[in-house]
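First up is the structure itself, then whatever we jot down about it.
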Amino acid sequence: MRTTLHARVLAILVLGTGVGPVLAADLGGPPAPAPTPTPTPTSGAYSLNVLYTGELWDNTYGGLRQGASYMNNIDAAFSIDTGKAFGWTGGTFFAEAFYANGISTENGWVGAVNVQSPIDTGANVPMFRIYQLYYEQDFGKTNVRLGIYDLSTEFSLTKPQNLFLSGNLTWNTALDEAGLAPLGGTVGSGSYPATPLALRIRQDFGNGFSGQFALADGADADPQNPAANGVYFSPAYGALAIGEADWTPDKHTKLMVGAWGLSSLLPDFGEFNPDGSQRMSYGQFGGYVGGAARIYQQTPKRGLDAFFTLGVSSPQSTDVAQSFNSGLVYTGLFDARPTDKAGVSMNVNFASDAWRRYEASLGDPIGYSELSFEATYRAKINDFLTVQPDVQYIAHTGYSTTLRNPVVLGLHFEIGHVFDW
C-alpha cells in the first residue's frame, strides 16, 4: 500500500511542474501556524477568502506506528475595509472560521513534540471553530487590535519561517508549549487551533524600529472541551502578556527580541503536597530572540534567506525548557519558476529537568532533547492551486529513548479563491 502511495505522490509532483520533486503555490501567503494569514489589502471594501487545505502524510518508519493519514481544513475569512465601506479611515474588521477533520498525524502516527502540520489540531474529533474575530484600527503610527486572534501570526515570527509546515519552524516551541502542562494546565499560548481574546498594540518608532504588546486571556479554549467555541475567564487560567521589539530596516531583514508571562495555575512537575497530590503554582515566563536576513541576492525578488529563533521558558511547568530553530529559504531557485520557494530547516527542543524527573518517577525515563529536520518546496501552479511536498525526520521523537526515529513524507496542497467587491 505504501509503495502505491509513494508512486502516486511522485506522479503528481512530476506532472505538476516538470521539475521533479518540487511544487508549491501561494493563495494569500505561505502556510503559517494558522490555516490562513492575516488579510492582505484588496481593491474592494469587502473580501472573502475561501480556502481548502489538504495534506497527505505517510509515516514510513519509526514513531508510534507506520502508515498514511489524510488531514483537511476548510477555512473562510471575511474582511471589511471600513474606510472604503463606511468612510471610517484606517479600520479593518476581520472574521475567520474553519472546519478540520478529526485526524492528527502528530498524535496518531509520529508522537513527537514537534507538530508536522500547520492544520493539525491535535484532536481526535472533527473541529469547527470561530478562529479569529477582531477589529483593528490605525491611529497614525499606532495600530490597535481587539478581539479573538492568533498571536503566532504576529509574535516571534520571521517571513522565511512561513514556508515550513512543521510547527517548530512556524513558531517558537518554548512559547507554544506554555500552559500546555499535561497535569492540569490551560490550553496553550494563543495559537491555532484555539485562539484567545486579546488586546494588541503596535507602535512604529521610525527608522525600522517598532514594538508590540498583547494582553490575552490565559485560556484560549475550554480545557475540558478544546473543540468548543467560546471565551473563558477564570483566576486559574489567568492572563498571557507578551511584548516584542523589532528592527526591520528592509523587507528581507528582521531582528526581534521578546518576553512573555503566563499567570495561569500550573503543576510543578515532580513536586507534591503533604497529602500526595500534585503541587500547583501560578506563573510561567520566558523570552526569545530571533532574526532573518538575505545572505545572497540573485535579483531583487530572488535569493537566499536565513533565519533563527531561540526560545526559553521557566522549566518547572513545561516539557520544553529551551528551543532553537534555524533554516535557509531560496526564492526562485529555477529561472522558469521565479516565485517558488525551497527550504531546509532544523529544530531542537530541550526537555526541562522537571519534566524528565516526573517521567522517570513514572518508570518512563526520557532523553534530553528532540531534534527534527525538514526539507520542502512550495510552488504556485495557477491562480487557485498550490502544491507543497515535504520531508521530515525526527530524532528522539517525544524525547523517547525507545521509539525509532520517524521519517515522514507529506504532500500539502491548497485550493482557494479570493472574492473581492
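Values in this text are rule-based calculations from the coordinates and carry no lab data. Everything numeric here is computed off the predicted structure, so don't read it as measured data. No Cβ is skipped: glycine too gets one built from the backbone with ideal geometry, and neighbour counts run over all protein chains shown.
Ranking Thr397, Ala379, Leu362 by how far each Cα lies toward the positive end of the dipole of the chain (charges on Cβ) leaves Ala379 at the top. With the simple spin-label model, which puts each label point 7 Å out from Cα in the Cβ direction, the Val391 to Thr89 separation comes to 5.4 nm. Considering only Pro126, Gln388, Ser189, the residue lying farthest towards the positive end of the dipole of the range 2-420 is Gln388, judged by Cα position with unit charges set on Cβ. For the range 301-313, backbone phi angles converted through the Karplus equation (6.51, -1.76, 1.60; θ = phi - 60°) give residue-by-residue couplings of 10, 10, x, 10, 10, 10, 8, 7, 8, 10, x, 9, 9 Hz, Gly and Pro being listed as x. Across the range 193-208, computed HN-Hα scalar couplings (Karplus, 6.51 cos²θ - 1.76 cosθ + 1.60, θ = phi - 60°) run x, 9, 10, x, 6, 8, 10, 10, 10, 10, 10, 9, 9, x, 6, x Hz from first to last residue, x flagging Gly and Pro.
Around the Cα centre of the range 168-306, unit charges on the Cβ atoms of Lys, Arg, Asp and Glu (plus for the first two, minus for the last two) sum to a dipole of about 660 debye. Within the same chain, aspartates and glutamates fewer than 8 places from Lys141 are excluded, and of the rest, those with a Cα less than 20 Å from its Cα are Asp81, Glu154, Asp204, Glu244, Asp246, Asp250. Listed from fewest to most Cβ neighbours within 10 Å, the set Asp353, Asp390 follows the order Asp353, Asp390. Were the residues from Glu271 through Val231 laid out at 0.36 nm apart, the gain over their Cα-Cα distance would be 11.3 nm. For the chain, a crude dipole built from +1 on the beta carbon of Lys and Arg and -1 on the beta carbon of Asp and Glu, taken about the Cα centre, is about 800 debye to the nearest 20. At what distance in angstrom do the alpha carbon centres of the range 264-291 and the range 296-319 lie from each other? Cα centres, the range 264-291 to the range 296-319: 27 Å. The ranking of Arg200, Arg65 by Cβ neighbour count inside 10 Å, starting from the fewest, reads Arg65, Arg200.
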